Amino acid sequence: MKALLLTEPGKFEVGEVPVPEPGPFEVLCKIRAVAICGSDPEIIRGDLAGTWPPAYPFIPGHEWAGEVTSVGPGVFDFSPGDRVAGEAHKGCGICRNCINGRYTICENYGLPETGHRHYGFVSPGAYGQYNVYSVKSLTHLPESVSFREGAMGDTAGVALHGLELSGITPGGTVAIIGPGPIGLVSMRLAKALGASKVIMVGRGARLEAAGRLGADVLIDFEKEDPVDAVRRAAGALGVDEAFECSGAKGTFNQAVRMVRKGGSVALLGVPPDSVVEELPFKYIVHNEIAIYGSRANPNVSRKVIPMIATGQLKIDDLITHAFPLSEFARALDTFVNRREGAIKVVVEPNGEE
């Protein structure tokens, strides 16, 4: 099969590798669509080489959808021909966190001998024509949902997990910092879950896109103080929930100062290790501000896929570009440099649907 191979930090090629075979409770999937994630350029550059990926050569990619082609021993809920959407995480299943359903923070992370998998990060990923996955990392994909939309299930799931941790106040007001793919999906999910007003903080073309895609108030942080502007738009008491979706320095502090007494902040953006925030400690304590770290998308795929299927969550208009695997370099450049208004870029290793 053809696959994207990272050969060393910052270098990759499309080459040929053997098709893997599924083991117990695994299936072989034909990859039909893979969405480029914000973490992919970091992995490709080799910023975290030795961890993500653990060694070279390596096949990255984790936001995908496709179809089952064969099944391993013990598989009873998936059959060849089934359409599926995948998750990146599969916990060991036996540690304290996995038993409690928090498998994205598995205590045996990175230890494949325990059964842990993190596809596209420490385990082979989806930028190839085929890959093997645990059945625990798959969700059935209805015929009404395209493979491109199915590949967005990961992004939607990341957003939904963060929103579920903090909760959404019915009829309330939400602030979202960062109008990237996760921020835009969070905006739509917040409304689907009952928020009456969503305030988007950002800049440039992405902020303009947020206005076209459903934000009620747009705040350009280059033109005005985002905390003051959010509080003016929400009322002096502040917003009910704030979602940090950019990972930029200073935005965690801003999110905390945007929310009302008793409000919640969820952190969905992933900052670089160099970002260390100063926070209004006393304000957080005296106003009982709840803060939630949020990692990936545990236990939400079976929620977001039906929401996409029924139209409760519109996702197709966030997919702005699609490329074959042979043009991965062009796809990556389009995503990283936001060419032609790129929001979400999809790669199709086996051609268009």
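The values are calculated or read from the model by the stated rules, or taken from the named source; none is laboratory data. Computed from a prediction, not measured in an experiment: that's the story for all the values here. Glycine also receives a Cβ, built like all others from the backbone with ideal geometry; neighbour counts cover every protein chain displayed.
Here are the numbers for this structure:
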| quantity | calculated |
| --- | --- |
| So VAL174, is it in contact (Cβ under 8 Å) with a residue 60 or more places away in the chain, in a strand (DSSP E or B) and surrounded by fewer than 21 Cβ atoms within 10 Å (Cβ to Cβ) | no |
| In region 252-282, the residues that are part of a helix (DSSP H, G or I) and either free of Cβ contacts under 8 Å to residues at least 40 places away in the same chain or surrounded by fewer than 24 Cβ atoms within 10 Å (Cβ to Cβ) (or both) | PHE252, ASN253, GLN254, VAL256, ARG257, PHE281, LYS282 |
| Residue that is surrounded by the fewest Cβ atoms within 10 Å (Cβ to Cβ) [pool: residues in region 204-237 that are within 27 Å of the chain's Cα centre (by Cα) and among the small types (Gly, Ala, Ser)] | GLY204 |
| Matching residues in region 301-326 - criterion: being in a strand (DSSP E or B) and within 16 Å of the chain's Cα centre (by Cα) | ILE319 |
| Considering residues of region 268-300 that are within 15 Å of the chain's Cα centre (by Cα) and β-branched (Val, Ile, Thr) only, the residue nearest to PRO179 (Cα to Cα) | VAL270 |
| From PRO124, PRO57, residue being surrounded by fewer than 19 Cβ atoms within 10 Å (Cβ to Cβ) and within 29 Å of ALA322 (Cα to Cα) | PRO57 |
| Pairs with Cβ under 7 Å, 6+ apart, first in region 289-311 and among the polar types (S, T, N, Q), second assigned to a strand (DSSP E or B) | SER294/ALA266; SER294/LEU267; SER301/ALA85; SER301/THR139 |
| Any chance VAL300 is outside the structural domain of MET200 (by TED's automatic domain parsing), among the aliphatic types (A, V, I, L, M) and either farther than 26 Å from CYS106 by Cβ or modelled with pLDDT of 95 or more (or both) | yes |
| Selection status of PHE121, under 21 Å from THR51 (Cα atoms) and aromatic (Phe, Trp, Tyr) | yes |
| Among the candidates GLY171, GLY120, GLY128, GLY167, residue that is under 15 Å from the mean Cα position of the chain (by Cα) and not aromatic (Phe, Trp, Tyr) | GLY120 |
| Failed item in (1) part of a loop (DSSP other than H, G, I, E, B); (2) in contact with a strand residue (DSSP E or B) (Cβ under 9 Å, 6 or more places away or on another chain); (3) β-branched (Val, Ile, Thr), with ILE94 passing the rest | (2) |
